[in-house]
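The values are calculated or read from the model by the stated rules, or taken from the named source; none is laboratory data. Just so we're clear, the structure is a prediction, and the values are computed from it rather than from any experiment. FYI the Cβ positions are ideal-geometry reconstructions off the backbone, even for glycines, and counts take in every protein chain you see.
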Amino acid sequence: MAKQKFDHPRFGTLRSVDGDLWEGKIVLLEFGQHGWSGALQIQIYGDDEGPPDARAFALLEPLVANASKLPDLIVDALWSELSGGETENGHWWARPGGLETANESLDEPITKREDLWRVLRPSSLFVRTDAQGDRQLIAGVAFGCDFEQEHGLDVLTDGTRILGTGYAWDAKKYARFAKPKK
């Protein structure tokens, strides 16, 4: 199949081999604070061979507009999970003893919120169907994560709030943001 190209005025050129995944790059200098990279992939997942869904760009827009605040929101949410303050995430790091378990695999333990900057490596902004929830499009940030090396970490966000976290491709919205299933 031929490589497809889509030019967007804000997000630049995205390319796809199969129409199911559109990829591009973006530089968000504000996101690159605290030693994180500001150069990120854009990944828009779809299920047809047409151009990327316009709704995907609408979901990415607030992530980009809030790039200077989003890293702190992410670190605050993950610290809350690891330290027992967030009870709506069922993943191991958000359960009692999660911080201690996370530290078992680290050379240098996480003891405070600021330690999360060194164990997280953002790789992409993504938009895809919320497979763990309402089947609607959801945006987020994908990370390499030192305490979850096997699966990686996804953080779901609307750009102003963290909606949930989880393993890569398995992140789930916190119950307060999940729409009831019909």
Residues satisfying the stated conditions in segment 138-180, i.e. surrounded by fewer than 16 Cβ atoms within 10 Å (Cβ to Cβ) and of a type in the set (Val, Ile, Thr):
Thr160
Counting only helices (runs of 4 or more DSSP H) wholly inside segment 49-136, the ones holding at least 1 residues that are more than 16 Å from the chain's Cα centre (by Cα) and among the hydroxyl-bearing types (Ser, Thr, Tyr) are 70-82, 98-104
Where the second residue is among the polar types (S, T, N, Q) and not in a loop (DSSP other than H, G, I, E, B) and the first is within 9 Å of Pro122 (Cβ to Cβ) and touching a residue at least 40 places away in the same chain (Cβ under 8 Å) and lies in segment 26-44, which pairs have Cβ atoms under 8 Å and are six or more apart or on separate chains?
Leu40/Ser123; Leu40/Ser124
Which of the residues spanning segment 5-22 are surrounded by fewer than 16 Cβ atoms within 10 Å (Cβ to Cβ) and either on the phi > 0 side of the Ramachandran plot or at pLDDT 90 or above (or both)?
Lys5, Asp7, Pro9, Arg10, Gly12, Thr13, Arg15, Gly19
For a quick check of your reading of the model, give me the residue pairs whose first member lies in segment 139-152 and is under 21 Å from Leu60 (Cα atoms), whose second is of a type in the set (Asp, Glu) and surrounded by fewer than 18 Cβ atoms within 10 Å (Cβ to Cβ), with beta-carbon atoms closer than 8 Å and at least 6 apart or on different chains.
Ala139/Asp158
Select from segment 97-122 the residues that are within 23 Å of Gly38 (Cβ to Cβ), surrounded by fewer than 18 Cβ atoms within 10 Å (Cβ to Cβ) and not acidic (Asp, Glu) and list them in ascending order.
Arg113, Trp117, Arg118, Arg121
Any strands (runs of 3 or more DSSP E) falling wholly within segment 137-176 and containing at least 1 residues that are polar (S, T, N, Q) and farther than 13 Å from Glu86 by Cβ
153-157
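Condition check ((1) of a type in the set (A, V, I, L, M); (2) within 29 Å of Arg176 (Cα to Cα)) across all residues:
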{"residue": "Gly24", "(1), (2)": "no, no"}
{"residue": "Ala58", "(1), (2)": "yes, yes"}
{"residue": "Ala67", "(1), (2)": "yes, yes"}
{"residue": "Glu81", "(1), (2)": "no, yes"}
{"residue": "Glu86", "(1), (2)": "no, yes"}
{"residue": "Trp92", "(1), (2)": "no, yes"}
{"residue": "Gly97", "(1), (2)": "no, yes"}
{"residue": "Ser105", "(1), (2)": "no, no"}
Among the residues listed as Glu30, Glu23, the single one being of a type outside the set (A, V, I, L, M, F, W, C) and in a helix (DSSP H, G or I)
Glu30
With the requirement that a residue be crowded, with 17+ Cβ neighbours inside 10 Å, modelled with pLDDT of 95 or more and in contact with a helix residue (DSSP H, G or I) (Cβ under 8 Å, 6 or more places away or on another chain), what does segment 74-92 give you?
Val75, Leu78, Trp79, Glu81, Leu82
Can you tell me which residues in segment 102-113 are touching a residue at least 12 places away in the same chain (Cβ under 8 Å) and among the hydroxyl-bearing types (Ser, Thr, Tyr)?
Ser105
